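Working notes, beginning with the structure itself.
The values are calculated or read from the model by the stated rules, or taken from the named source; none is laboratory data. This one's a predicted model, so the numbers in the text were calculated from it and none came from an experiment. Neighbour counts run over all protein chains shown; Cβ positions are idealised from the backbone, glycine included. Side chains included, ligands, DNA and RNA excluded: accessible areas come from the protein's heavy atoms. Shrake-Rupley method; radii C 1.70, N 1.55, O 1.52, S 1.80 Å.
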Amino acid sequence: MVTGLAFAKNGPQDTSIEACKLRPASGPWLISWLIPQVLPAVVGLSSQAQGFPPPPPPPPPPPPSALHRSALQRSAPHQPTAPRQVSDGIRLWINGQIQAARWRWVGSRSGLPDELWLPLEVLQGQLGVSSRSRPDGSLDLEWFGQPLTVGPGAQVSLDDEVAVDVAPLLQALGVEAIKKGPELRLQLPIAQLLQVRTANQVGQRRVVLDLNGPAIVRTSEGRLELSIQSSPGQRSQLELLGLGSAPTARQTSDPQTSAPLKLQVAGGLKPTKVFTLGDPARVVIDLPVATPTDSTGSSVPAPAIDPRLQALLGRGIQWDRLVRQGFRINAVHIDPRTAPVNLKPLTRPQGMEGLSSVQSLANARMALVAINGGYFNRVKRLPLGALKSEGRWLSGPILNRGVAAWAPRGLPRFGHLSLEEWVVGPNGSRYAVVTVNSGYVQRGISRYGPEWGPSYRALSGGETALVLGTDSSVGQKYETADLEAGVPLRRGEILLVGRGGVELPWAEGTQLSLSSRPSNDLGLAPFVIGGGPLLLQDGRIVLNGGAESFSAGFLSQGAPRTVIASDGSQLWLITLEGTIDSGPTLPETAQLLQSLGLRDALNLDGGSSTGLVMGGTMPVKGRGVVGAVNNGLGLVP
């Protein structure tokens, strides 16, 4: 995920000369220092002189767990035997399977790393690590019962991905890490599947896999891939439960040479939830209750490509695939005035909090073609930028960034957009609303409604809120604890949230009104998607990342790209990938699009988020694996 937003770092310790000076050993300071040193000894002598036995020594502390012991060893002062070195790489092997992914190794050249930074996307999708965000920005990670809390200052950006140090977590579970040049290899012994258990719950079926140790758990496009050894009988049992194994999965009697067990939910559905537990090691898979199967109980294979799309390719939908200047380009373009499909934003039906694959978003709306959409906060799984559908702001614009806006059967228009909104009190006093239905946290007042989802959960510490009822009067008020637990968002009501110490000064029953206007008529369109930076306008390159609060490093890095564009007569949905390196920089992207004859273009999220779905297939995956995204764009019949 590319956000272009900076990550907070821990402030440096004060190591100035003044801070390191010793105080003079005289005067009251010396007395105050000696008292706590001498007084305990004096008290002890006095107790013995009165015939009391000395107090018993305190019991030894319990031994730390492997995870805590690793963290303690890393933080304890010591004389390093070798200089700590920082190595960055771009390729990652996980139990023999390779993918493009940034990583960072901190430590000596050999042995265990002191720090091992991996993208959150890799941890969640390629290892099976569960994560949950806290209001203060911290992350609670867990993998097979081993917890790891990562503070907001311990989350860094590796190019376009959020990365965390997971060295203690991996070491505690026996993952071997080997660094060789630009490649990192992670190896975990293949676990044995001991038994399969199942239980029916309300609205779902739970399948539990009991293992003899932790295992690699990959999730992608509704499929599961587990590095475990299983018997033919166990695979048949899974198939009867609606989890058919792919025919390419090669299982042998040697656990260390077996291919991963690949499972797919019958009928092309996907698990509602997959997570791991420890002591003993378990993989828990929650499935939809009515899992369709064919007459043999086997999974029903999905068609190679939707025949509806096949019938339209070359007629109403054009799909161009070409290579220019070392970059692979996939471009889908239509005339929206005559095409049998409409451009629609794609979101999760549960609300704006959460992530899905582009393919899942496309399936939910029956989109024939889909790409990933705007930026999002991967830690909190919330949108960062404009998203408007059917006239409703699902997520408001931020930072005056670039947007594309359109009406049904019309070409998109491009430009920058912000939203100006105020709360007006009974005496005419006005208070600015800084964000609307947004995961972008700012000090001030923010507004949320049912478009956000069924509930709101605090995004930062110390928040307060009030409900503005259907009659525009102040109703219930919420304190920080209420918001951290989550409060409902009801139809017709508005939730005003105060952040950063900003008070909401209105008492219950106070009549308030809202005033809202966009910075230009792009905000009046029924459909809007935000991204950035804006690349082309009226045929000219207008790339100015600094004006849209993107860093210089973000602009210069190469990465897979996703773009929405127009040539003046057709709508274009485009992905760009590198054939040799990681992908084009933003200036290279703008020049390539200009050379293709495009007049207007907006950069969307990229990197591992980049994805293109064509009729149920996914020919473009940003870094070789399916990324999780917050929203997308689709061509819907």
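Determine the share of the stretch 518-634's accessible area contributed by carbon and sulfur atoms, expressed in whole percent, with a 1.4 angstrom probe. Ligands and nucleic acids excluded, carbon and sulfur reach 48 percent. According to the Cα-based calculation, Rg over Rh for the stretch 425-521 is 0.93, with Rh computed by the Kirkwood formula. As a rough guide to protection, the peptides 472-478, 543-549, 452-458 ranked by mean Cβ packing within 10 Å, highest first, stand as 452-458, 543-549, 472-478. FRET efficiency for the ASN200 to ILE98 pair, using the beta carbon distance and R₀ = 45 Å, is estimated at 0.70.
If packing is taken as the mean number of other Cβ atoms within 10 Å per residue, what is the order of 349-361, 331-343, highest first?
On the way: 349-361: 20.2, 331-343: 17.8.
Result, highest mean Cβ count within 10 Å first: 349-361, 331-343.
Label positions at ALA485 and ARG409, each projected 7 Å from the Cα along the C-beta direction, are separated by 5.2 nm. Solvent-accessible area per residue in the stretch 495-546 equals 42 Å², computed with a 1.4 angstrom probe and all protein chains kept.
Pair-distance distribution P(r) for the stretch 266-425, from all Cα-Cα distances in 10 Å bins starting at 0: 8, 25, 31, 23, 10, 3, 0 percent.
If you roll a 1.4 Å probe over the stretch 90-142 with all protein chains in place, what percent of the accessible area is carbon or sulfur?
Numbers: 960 of 1950 Å².
Answer for the stretch 90-142 is 49 percent, counting heavy atoms of protein chains only.
Between GLN350 and SER515, the modelled label-to-label distance comes to 4.0 nm, taking each label 7 Å out from Cα in the direction of the beta carbon.
Excluding ligands, DNA and RNA, the accessible surface per residue across the stretch 91-193 is 35 Å² with a 1.4 Å probe. Using the Cβ-Cβ distance between THR149 and GLN318 with R0 set to 51 Å, the FRET efficiency works out to roughly 0.55.
With the charge dipole of the stretch 344-427 set up from +1 on Lys and Arg Cβ and -1 on Asp and Glu Cβ about the Cα centre, the Cα lying farthest toward the positive end among the listed residues PRO426, HIS416, ALA405 is that of ALA405.
Counting Cα-Cα pairs of the stretch 472-609 in 10 Å increments starting at 0 gives whole-percent bin shares of 9, 29, 21, 18, 18, 5, 0. Solvent-accessible area assigned to carbon and sulfur over the stretch 335-420 amounts to 47 percent, based on a 1.4 Å probe.
Dividing the convex hull volume of the Cα atoms of the stretch 541-589 by its residue count, what figure in Å³ per residue is obtained? Kindly include the intermediate steps, with their values, before the conclusion.
Numbers: hull volume 4.2 nm³, N = 49.
In the stretch 541-589, the Cα convex hull volume per residue is 85 Å³.
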